[in-house]
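Q: Starting off with a structure, shown below.
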Amino acid sequence: MAAPATEMDLTEARIAERTLPKGGWSEAARTDALARLRRTGLPQRRDEYWKFTRPDLLTQVGAQAAVFEHSEAPIFGAMDALRIVFDDGVFNAEASDALAMEHVSIERLADTDVDIHWAKGVYGVLETAGQTPVARPLAALNTAFASDGVLIHATGKAPRPISLVYNHSQETSDAILHHVIKLDQGADLTILENGPAAARFNKVMEVDVADGAFFHHVRAQGRDHERLAATHIFARLGTESTFKSFTLTVNGRMTRNDCIIELTGDDAVAHVAGACVGDGDFHHDDTVFITHDAERCESRQVFKKVLRNGAVGVFQGKILVKEGAQKTDGYQISQSLLLDEDAQFLAKPELEIYADDVVCSHGSTSGAIDDEALFYLRSRGVPHGIATDLLTLAFLAEAVEEIEDEALRDVVVERLEGWLERHRS
Amino acid sequence: MLTIKDLHVKLEEEDKQILKGVDLTVEAGKVHAIMGPNGSGKSTLSYVLSGRDGYEITGGSAELGDIDLLDLEPEERAAAGLFLAFQYPVEIPGVGNMTFLRTAVNAQRKARGEEEMSAAEFLKVVRARAKELQIDAEMLKRPVNVGFSGGENKRNEILQMAMLEPKMCILDETDSGLDVDAMKLVAEGVNKLRSEGRGFLVITHYQRLLDHIKPDVVHIMADGRIVKTGGPELALEVENNGYADMLAEAA
């Protein structure tokens, strides 16, 4: 198919490809989202936050074929969790556990005949808030056209994590999923996500964390070399609430992960971390925007990338401290380990501060394996490949350590070790 | 054990000859010391033997038993039984000391076709050896050499030596950065490892380390060559008179 001539043609062509789900509680939000999308159009190369990542493959009509091949078992398969399975973006009831758990209600976005009042206050609402000051058209597209997803409402401490499992089997599946997660005051919930999902995957997760609530998110993107993904997390944090999100990315041809967090209550804490390893035809983009709009909040961004053989890593991270957000503690680090001269890391750290009593720091580095350390290990008999792996894991450790749960951390480290061993040069 | 013949080495990047014909043989069971002024090539010799990058061998040979060391990768030299205790042990943030030790021990065993050590056995052995060197459990858990004091650094080197059980140990200025007590502790560790089947080459500026690790043979190195060889009394001579007289005499 020939590429549409102009930007609006492209956007309209993409809109025409889909049908806006009619009826039910979400219809108004979807109509609004469609209007938002029409106002901004789909992302273009010239857009400020798309300079390092070509949007074409994510925006074009129809997904490029991606053959799904992997030999690894799903990463959280052995964890005690409530499993919710999607095949090529469609809920699979048979493969899923019963959607019931103490202190948690779980509904399907696709069940339009139920009127889910609480979700109305979140669906498309946090996404809309996250469109300013930077437009996120792929998220508006998602809100308008999402065909499935889960609506999770936690009223207390969830007895076990909810694991969202995304299977991919059809060669050109083009999935749009939208999850809404609401944590009431004092609630505590862990969400796990993993799986390739589709040939092309557009996912939005809106997370509303009320005062004193704790949200923990661990995601693994991988097990599929060819898939494309654009994901957004929009989070709103109340007073003394905590939001922690970690993403492991291995393989995948193109991944763009946006994380937009607004700290709206005093003393809230937001940590976002990512570890990614890329080899060859691999492009990974972490774009983070954290807004401090309350006092004494803490935010941390820790992103580590190991790249080789032409792989490209992108980090665009911003801390915006609004007027009055005194005693803000903001930290941001993005680092890449380039294992050869063909790998590339592009970083754009940004601080924008309108309060006068804050501590914000940021750093970004690119480097190779430390020759001295490598020689030291080899002089003790550790072969070159294993020594490189040890140093690579050490490099990623700061990001991985952001995962609070030790069992989850071990699972992630094991995955990384396996990947490194398979890709050992 | 270690046989070095007419070894010539220059820096890879510059046209600078560092070793200009080193001849040295260390027999199994013996401790040889190399002393010499700054810039004489002592540390270069240790690096070249262990396989560090940046040097070019322009002549001569170095063999461990009947293995030609200079043809091997650093890890192969280690598996063949060579060990270098670094003057400046390298900090490796993020790699736990235990993980590192166990990986090294088992990699060497694997390379030699021996059975790997089980986790339980390894733990038992490492605890016992660490105790002798007054290395506590907390230090074993820390990342390799990160935040270690000078004494901890060197004790950790000796612990590695004890765990890897090499045939030929090279100690590169192990006394640097140590106070008297730490030096004694390190020397005790080394002395415990002295055995009939093991050779030692101790590189040092000062005689004081040799009070604790008593050498069988002392070599004086200057300007890339061994210029004088003798018994332990040679070290005392250096201590009393410095190198100047000795070098003038050798010239």
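Q: Roughly what % of DSSP beta bridges within the stretch B:110-251 run antiparallel, to the nearest 5?
A: Expressed as a percentage, antiparallel bridges in the stretch B:110-251 total about 50.
Q: Under a GNM of chain A (C-alpha, springs under 10 Å), which listed residue has the highest mean-square fluctuation: A:Glu72, A:Glu295, A:Glu372?
A: Judging by the Gaussian network model, the answer is A:Glu372.
Q: How well do other chains shield peptide A:366-373, expressed as the mean number of their Cβ atoms within 10 Å of each residue Cβ? Can you show the working numbers first?
A: Values: counts 0, 0, 0, 0, 4, 4, 6, 8.
If you average over the peptide's residues, the count of other-chain Cβ atoms is 3.
Q: Another question about this same structure. Relative contact order for the stretch A:6-60: what is it in percent, counting Cα pairs under 8 Å that are at least 6 residues apart?
A: On the way: 29 pairs, mean separation 22.0, N = 55.
It rounds to 40 percent for the stretch A:6-60.
Q: Counting DSSP beta bridges with both partners in chain B, what percentage is antiparallel, nearest 5?
A: Just about 60 percent of them are antiparallel.
Q: Once you sort the root eigenvalues of the Cα gyration tensor of the stretch B:1-77 as a ≥ b ≥ c, which label holds: rounded (a/c under 1.5), prolate (a/b larger than b/c) or oblate (the other case)?
A: Oblate, since a/c reaches 1.5 and b/c is not below a/b.
Q: Here's something else I'd like to know. I want the local charge near B:Glu116. Using Cβ-Cβ distances under 13 Å, sum +1 for each Lys or Arg and -1 for each Asp or Glu among the other residues.
A: Taking every Cβ under 13 Å from that of B:Glu116, the sum is +1.
Q: Give, rounded to the nearest 20 debye, the magnitude of the charge dipole that the stretch B:38-186 has about its Cα centre when Lys and Arg contribute +1 at Cβ and Asp and Glu contribute -1 at Cβ.
A: 560
Q: So, one more: Just check the stretch B:37-99 against the gyration tensor rule for me: Cα atoms, a ≥ b ≥ c as the square roots of the eigenvalues, rounded for a/c under 1.5, and otherwise prolate or oblate depending on whether a/b exceeds b/c.
A: Verdict is oblate for the stretch B:37-99.
Q: Over what distance in Å are the Cα centres of the stretch B:172-234 and the stretch A:47-85 separated?
A: Cα centroid of the stretch B:172-234 versus Cα centroid of the stretch A:47-85: 60 Å apart.
Q: Right, something else. Residues of the stretch B:144-174 with backbone nitrogen within less than 17 Å of a virtual label 7 Å along the Cα-to-Cβ line of B:Gln134, please, listed as ranges.
A: From the stretch B:144-174, the list is B:148-159.
Q: Peptides A:278-291, B:98-111: what's the order by average Cβ count within 10 Å, highest mean first?
A: Listed from highest to lowest mean packing, they are A:278-291, B:98-111.
Q: Based on the alpha-carbon gyration tensor of the protein assembly as shown, what equivalent-ellipsoid semi-axes (square roots of 5 times the eigenvalues) come out, in whole Å, largest first?
A: The equivalent ellipsoid of the protein assembly as shown has semi-axes of 60, 24, 23 Å.
Q: Determine the sum of side-chain charges near B:Val22: Lys and Arg each +1, Asp and Glu each -1, restricted to other residues whose C-beta is under 14 angstrom from that of B:Val22. Don't jump to the answer; show the numbers that get you there.
A: Values: positive: B:Lys5, B:Lys10, B:Lys20, B:Lys42, B:Arg225, B:Lys228; negative: B:Asp6, B:Asp23, B:Glu63, B:Asp223.
With Lys, Arg at +1 and Asp, Glu at -1, the net is +2.
Q: Could I ask something else about it? Averaged over B:94-104, how many beta carbons belonging to a partner chain fall within 10 Å of each residue's beta carbon?
A: Across B:94-104, the average partner-chain Cβ count within 10 Å equals 5.
Q: Over all alpha-carbon pairs in the stretch A:1-122, figure out the percentage whose distance exceeds 19 Å. It would help to have the intermediate numbers written out before the result.
A: Working: 4942 of 7381 pairs.
So the portion of pairs separated by more than 19 Å is 67 percent.
Q: Measure up B:Lys167/B:Lys228; A:Lys304/B:Lys10; B:Lys110/B:Lys184; A:Lys157/A:Lys304; B:Lys16/B:Lys192; A:Lys244/A:Lys305 against 29 Å on the Cα-Cα distance and list the ones that go over.
A: A:Lys304/B:Lys10; B:Lys110/B:Lys184; A:Lys157/A:Lys304; B:Lys16/B:Lys192
Q: Roughly how large is the B-A contact in terms of buried accessible area, totalled over both chains, probe 1.4 Å, nearest 100 Å²?
A: Using a 1.4 Å probe, the pair buries roughly 1800 Å².
Q: If you take each beta carbon of peptide A:404-417 and count the beta carbons of other chains within 10 angstrom, what is the mean?
A: Across the residues of A:404-417, the mean count of other-chain Cβ atoms within 10 Å is 0.
Q: Please state the shape class of the stretch A:115-202: rounded when a/c is under 1.5, otherwise prolate if a/b exceeds b/c and oblate if not, all from the C-alpha gyration tensor.
A: oblate
Q: Right, here's the next one. Can you give the local net charge around B:Ile4? Use residues other than it whose beta-carbon is closer than 9 angstrom to its beta-carbon, Lys and Arg +1, Asp and Glu -1.
A: Value of the local net charge: -2.
Q: Choose one answer from B:Ala137, B:Ala80, B:Ala182: the residue with the largest mean-square fluctuation in a GNM of chain B with alpha-carbon springs under 10 Å.
A: B:Ala137
Q: Between the stretch A:204-256 and the stretch A:368-415, what is the separation of their alpha carbon centroids in Å?
A: 24
Q: Additional query: Given the options A:Val67, A:Val207, A:Val165, which has the most mean-square fluctuation in a GNM of chain A, springs set between C-alpha atoms less than 10 angstrom apart?
A: Most flexible of the set in this elastic network: A:Val67.
Q: Counting only DSSP beta bridges with both residues in the protein assembly as shown, tell me the antiparallel percent, nearest 5.
A: So the antiparallel bridges in the protein assembly as shown amount to around 20 percent.
The values are calculated or read from the model by the stated rules, or taken from the named source; none is laboratory data. Model, not experiment: these values are computed from the prediction. FYI the Cβ positions are ideal-geometry reconstructions off the backbone, even for glycines, and counts take in every protein chain you see. For accessibility, only protein heavy atoms count, side chains too; no ligands or nucleic acids. Shrake-Rupley method; radii C 1.70, N 1.55, O 1.52, S 1.80 Å.
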